[in-house]
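Enquirer: Handing you this structure, nothing more for now.
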Amino acid sequence: MTETPTPAERARTIATRGGKATLMPSAEGLADAGKVVPLTHHVHADGVASVLIAQSNPFVQAVWSAPRGELAAMLELADTAPVPLREPVRGLLWFTGWVRALSDDEARRAAVMVAEERPDPRLLDVGHGATMLQLIPASMVLADAEGTHSLRLEDFTSAAPDPFCAYEADWLRHLELAHTDVVSLLGRHLPDELRGGHIRPLGLDRFGLRLRVEASDADHDVRLAFEHPVTTTTELANELRRLVGCPFLAETRKHH
């Protein structure tokens with residue numbers, strides 16, 4: 001069986017990348033609020049999510065008016081492919097829990113913590129047209145190409161994001177735009193029935209490279225596994241040369 005990152009590792013990677021966030025409050029008197037798109041957001045290492053929301057949004061007042069200053073809600077993070085695909089969402093991560101209001105001092109401290117890991121000029125608007133709220137998770141669910149998984153908070157917090165998640169997007173975009181020849185060569189690993197479709201780079205992790213084949217009938221995802229898990233850019237480059245079929249790498253291995 002092809003080795004892949006664990007569900008907790010994949011969830012931690014999605015949270016680290018950020019992705020598109022949507023906050024879906026409970027239905028208690030929030031018909032006017034509907035889905036809330038934060039101005040910015042960040043999931044901390046302990047699973048708590050800080051969400052910056054415009055003060056004019058009805059959800060903000062609902063949280064402040066709620067008993068104990070808390071409302072049940074779900075935060076959805078969408079992991080979107082960095083290249084334009086027909087079906088761009090690679091995975092969804094849902095945090096269900098309680099959104100709580102913060103005091104002015106708590107909000108400023110939260111903004112500073114977020115800025116240290118995910119700088120964003122909109123954080124300067126805390127208290128000036130924007131409100132910082134926090135979601136305390138009670139449960140997490142991941143849905144992606146590997147299946148749907150319910151996650152324990154302790155598994156999420158103890159997992160590490162993939163070592164290449166910080167620059168996966170730039171690398172895949174570069175591969176798509178500047179190295180179409182390399183992408184074509186990777187097609188030699190595809191099953192016969194998928195050859196002839198439009199091959200696109202879909203994802204990268206320490207265990208392998210994922211391709212999306214956009215065929216006339218449907219989209220198909222294929223994982224090209226590395227011989228060994230990689231943690232450095234040198235190891236990654238060697239594995240990619242092997243997948244492409246680089247003759248120089250084969251000759252080097254023969255001499256060693």
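Enquirer: Kindly indicate whether any position in segment 178-199 is under 17 Å from the mean Cα position of the chain (by Cα) and touching a residue at least 60 places away in the same chain (Cβ under 8 Å). If you could, list the steps in order and put the result at the bottom.
Expert: Looking only at segment 178-199, we keep the residues that are under 17 Å from the mean Cα position of the chain (by Cα), and these are none.
So far as segment 178-199 goes, no, none of its residues is under 17 Å from the mean Cα position of the chain (by Cα) and touching a residue at least 60 places away in the same chain (Cβ under 8 Å).
Enquirer: Next question, about the same structure. Name the residue, out of Leu52, Leu93, Leu71, Leu102, that is in contact with a Phe, Trp or Tyr (Cβ under 9 Å, 6 or more places away or on another chain) and surrounded by 19 or more Cβ atoms within 10 Å (Cβ to Cβ). Give the steps one after another, and end with the answer.
Expert: On the way: Leu52 fails: in contact with a Phe, Trp or Tyr (Cβ under 9 Å, 6 or more places away or on another chain); Leu93 fails: in contact with a Phe, Trp or Tyr (Cβ under 9 Å, 6 or more places away or on another chain); Leu102 fails: in contact with a Phe, Trp or Tyr (Cβ under 9 Å, 6 or more places away or on another chain).
That would be Leu71, the only listed residue that is in contact with a Phe, Trp or Tyr (Cβ under 9 Å, 6 or more places away or on another chain) and surrounded by 19 or more Cβ atoms within 10 Å (Cβ to Cβ).
Enquirer: Can you find, within segment 50-74, the residue that is nearest to the chain's Cα centre (by Cα) among those that are of a type in the set (A, V, I, L, M, F, W, C) and within 18 Å of Asp125 (Cα to Cα)? Quick ask: steps written out before the conclusion?
Expert: Step one: list which residues in segment 50-74 are of a type in the set (A, V, I, L, M, F, W, C), which gives 51-54, 59-60, 62-64, 66, 71-74.
Filter again for within 18 Å of Asp125 (Cα to Cα), leaving 51-54, 59-60.
On the way: Val51: 16, Leu52: 19, Ile53: 21, Ala54: 24, Phe59: 25, Val60: 26 Å.
Ranking the qualifying residues of segment 50-74, first place goes to Val51.
Enquirer: Find all pairs meeting these conditions: Cβ atoms under 6 angstrom apart; at least six residues apart or on different chains; first residue within segment 110-133 and closer than 22 Å to Thr16 by Cβ and touching a residue at least 12 places away in the same chain (Cβ under 8 Å); second residue assigned to a helix (DSSP H, G or I) and open to solvent by 30 Å² or more (accessible area, probe 1.4 Å).
Expert: Partner pairs satisfying both residue conditions: Leu123/Ala115.
Enquirer: In segment 122-158, what residues are part of a strand (DSSP E or B) and among the hydroxyl-bearing types (Ser, Thr, Tyr)?
Expert: Matches in segment 122-158: Thr131, Ser139, Thr148, Ser150.
Each row is one residue, and each column tells you yes or no for (1) over 30 Å from Arg206 (Cβ atoms); (2) in contact with a strand residue (DSSP E or B) (Cβ under 7 Å, 6 or more places away or on another chain); (3) touching a residue at least 24 places away in the same chain (Cβ under 8 Å); (4) not small (Gly, Ala, Ser).
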| site | (1), (2), (3), (4) |
| --- | --- |
| Ala11 | no, yes, yes, no |
| Ile14 | no, yes, yes, yes |
| Ser50 | no, yes, yes, no |
| Ile53 | yes, yes, yes, yes |
| Gln61 | yes, no, no, yes |
| Ala73 | yes, yes, yes, no |
| Phe95 | no, yes, yes, yes |
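Enquirer: I need a count of the residues in segment 105-126 that are open to solvent by 50 Å² or more (accessible area, probe 1.4 Å) and β-branched (Val, Ile, Thr). Talk me through it step by step, then tell me what you get.
Expert: Within segment 105-126, the subset open to solvent by 50 Å² or more (accessible area, probe 1.4 Å) is 105-106, 108-109, 112-113, 116-119, 121-122, 124-125.
Still in the list and also β-branched (Val, Ile, Thr): 112.
Residues meeting the conditions: 1.
Enquirer: Ok, one more. If you scan segment 220-231, which residues turn out to be within 18 Å of Glu3 (Cβ to Cβ) and touching a residue at least 24 places away in the same chain (Cβ under 8 Å)? Step through it out loud before you land on a result.
Expert: Looking only at segment 220-231, we keep the residues that are within 18 Å of Glu3 (Cβ to Cβ), and these are 221-231.
Scanning segment 220-231 gives Asp221, Val222, Arg223, Leu224, Ala225, Pro229, Val230, Thr231.
Enquirer: Restrict the check to segment 199-206 and report whether at least one residue is surrounded by fewer than 18 Cβ atoms within 10 Å (Cβ to Cβ) and not hydroxyl-bearing (Ser, Thr, Tyr).
Expert: Just the residues of segment 199-206 that are surrounded by fewer than 18 Cβ atoms within 10 Å (Cβ to Cβ), to begin with: none.
Looking for residues that are surrounded by fewer than 18 Cβ atoms within 10 Å (Cβ to Cβ) and not hydroxyl-bearing (Ser, Thr, Tyr), one finds none in segment 199-206, hence no.
Enquirer: Under the condition of being touching a residue at least 40 places away in the same chain (Cβ under 8 Å) and within 17 Å of Gly97 (Cβ to Cβ), which residue from segment 153-172 is surrounded by the most Cβ atoms within 10 Å (Cβ to Cβ)?
Expert: So, considering only residues that are touching a residue at least 40 places away in the same chain (Cβ under 8 Å) and within 17 Å of Gly97 (Cβ to Cβ), the one surrounded by the most Cβ atoms within 10 Å (Cβ to Cβ) is Phe156.
The values are calculated or read from the model by the stated rules, or taken from the named source; none is laboratory data. As the structure is a computational prediction, the values presented were derived from the model and not from experiment. When we count neighbours, we look across all protein chains shown, and the Cβ atoms used for this are built from the backbone with ideal geometry, even at glycine. Surface areas here come from the heavy atoms of the whole protein model, side chains and all, with no ligands, DNA or RNA. Shrake-Rupley method; radii C 1.70, N 1.55, O 1.52, S 1.80 Å.
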